[in-house]
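Beneath this line is the structure, given in structure tokens, with notes to follow.
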Amino acid sequence: MTERVEERLDLGIFDEKFYAIVGRGDENLKYFSQLFDVKVSARGTEILLRGEEDRVRLLSQFLKEIIKELKTTTLTPQDVRERAKDFLQAKESSMLESKDNVILITHRKKSIVPKTHTQNLYVDAIRNNDIVFGIGPAGTGKTYLAMAMALAHLKANKVNKIILTRPAVEAGEKLGFLPGGIAEKVDPYLRPLYDALYDMVDYDKAVYMLDRNVIEIAPLAFMRGRTLNDAFIILDEAQNSTREQMKMFLTRVGFGSKVVITGDITQIDLPRREQSGLVEAIRVLQGIEGISFVWFKEEDVVRHPIVAKIIKAYEEFEKVEEKQDSDKEGKKGG
């Protein structure tokens with residue numbers, strides 16, 4: 001951990017440009033505080049930064065750049081927030097690559113590295129723990145980075161095989177009604193895992209490993225009764241596992257294995273009567289040595305920038321709906 005420091009920045013302005021930086025009701029300062037992990041406050045035209053030296057330095061650099069830009073450009077508070085996110089992602093990606101933190105080099109010679117602070121924490125957690133939960137919205141790299149780590153472990157002979165699994169929302173009971181053999185039945189549920197695999201490994205090599213069962217892709221319901229030794233196991237979309245499935249899966253873990261469980265607890269597709277196994281596991285497994293939880297935020301989305309805006313819009317919409325429903329219930333109770 002770096003030394004904690006304090007820095008004061010005098011913006012020298014107190015007009016619409018000042019409010020473009022701090023935001024209405026200091027909303028931008030709150031955003032900067034969460035994004036950069038720095039305590040931020042404003043006094044007059046000064047902005048006070050407190051936190052770890054490297055994080056304070058990054059935010060200070062961004063603020064100085066945005067002040068310079070505002071001299072020639074008109075920006076809204078939202079523009080400033082978007083620039084802050086882009087700035088931090090670019091800086092963190094550059095720093096991580098400079099530390100030679102490459103997880104895997106794909107068949108297209110592309111280096112896979114963590115691109116955000118949370119992604120870096122996630123990769124470190126996978127390296128240092130037996131079971132890691134990656135929880136957060138779509139586009140944050142949870143599954144993609146887990147796949148890269150799995151292939152890196154296989155290449156280094158740390159595991160003998162990779163097992164990729166996902167719950168079919170029907171928990172396997174209704175797969176018989178789908179047409180075709182087992183591969184055709186489960187393919188729609190497992191396609192995202194194939195996509196990540198083919199992005200990292202040459203198609204012919206991937207097919208060879210799948211045929212030889214070095215890489216196994218199967219629905220979660222098919223894990224019952226097995227003991228999984230010397231394997232790197234990824235459970236994707238775990239929010240759609242039932243309580244029974246999650247317990248069953250976790251108790252399959254054998255010697256020499258590493259497990260990564262990913263999910264988004266805001267996107268549960270189970271029937272209303274079913275409780276998510278992921279939600280329960282979060283409550284039950286906290287504080288156990290060897291198990292780590294990494295929480296991703298919308299700021300960690302590394303897809304097209306519009307994806308982060310869509311996620312934010314839905315979150316705000318759902319909050320309004322929840323408040324309206326709560327108000328209706330309150331009126332009924334009254």
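Extension gain ASP37-ASN229, at 0.36 nm per residue separation less the Cα-Cα distance, in nm?
Working: separation 192, 0.36 × 192 = 69.12 nm, distance 3.89 nm.
Extra length available between ASP37 and ASN229 comes to 65.2 nm.
As a check on your grasp of the helix formula, calculate [θ] at 222 nm for the chain: sum -39500 (n - 2.57) over DSSP H runs of n ≥ 4, divide by the residue count, round to the nearest 500. Intermediate values should be presented prior to the final figure.
Values: 11 runs with 156 residues, N = 334.
Using -39500 (n - 2.57) per qualifying helix, the result is -15000 deg cm²/dmol.
Using the Kirkwood formula on the Cα atoms of the chain, what hydrodynamic radius do you get, in angstrom to one decimal? If you can, show how the numbers build up before the last one.
Details: mean 1/r = 0.0448 Å⁻¹.
Taking every pair of different Cα atoms in the chain, averaging 1/r and inverting gives 22.3 Å.
Remind me, what semi-axes does the range 55-147 give for its equivalent ellipsoid, largest first in whole Å, using sqrt of 5 times each Cα gyration tensor eigenvalue?
30, 15, 13
Take the residue pairs LYS85/LYS309; LYS110/LYS158; LYS68/LYS309 and return only those whose Cα atoms are more than 20 Å apart.
Details: LYS85/LYS309 12 Å; LYS110/LYS158 23 Å; LYS68/LYS309 26 Å.
Violating the 20 Å Cα-Cα cut-off are LYS110/LYS158; LYS68/LYS309.
Just need the relative contact order of the chain here, percent rounded to a whole number, with Cα pairs under 8 Å and 6+ apart.
After rounding, I find 18 percent.
Sorted by accessible area (1.4 Å probe), largest first, how do ILE234, ILE265 line up?
Result, largest first: ILE265, ILE234.
With a 1.4 Å probe and every protein chain kept in, tell me what percent of the accessible surface of the chain is carbon plus sulfur.
Percent of accessible area from carbon and sulfur atoms in the chain: 50.
How far apart, in nm, are the 7 Å Cα→Cβ label points at LYS91 and ALA313?
Taking the simple label geometry, LYS91 and ALA313 are separated by 2.9 nm.
Mind checking the per residue accessible area of the chain for me, 1.4 Å probe, whole number of Å²?
Result: 55 Å² of accessible area for each residue.
The values are calculated or read from the model by the stated rules, or taken from the named source; none is laboratory data. Quantities reported herein were computed from a predicted structural model and do not represent experimental measurements. Here Cβ is always computed from backbone atoms with ideal geometry, including for glycine, and neighbour counts include all displayed protein chains. Heavy atoms of the whole protein, side chains included, go into the accessibility calculation; ligands, DNA and RNA do not. Shrake-Rupley method; radii C 1.70, N 1.55, O 1.52, S 1.80 Å.
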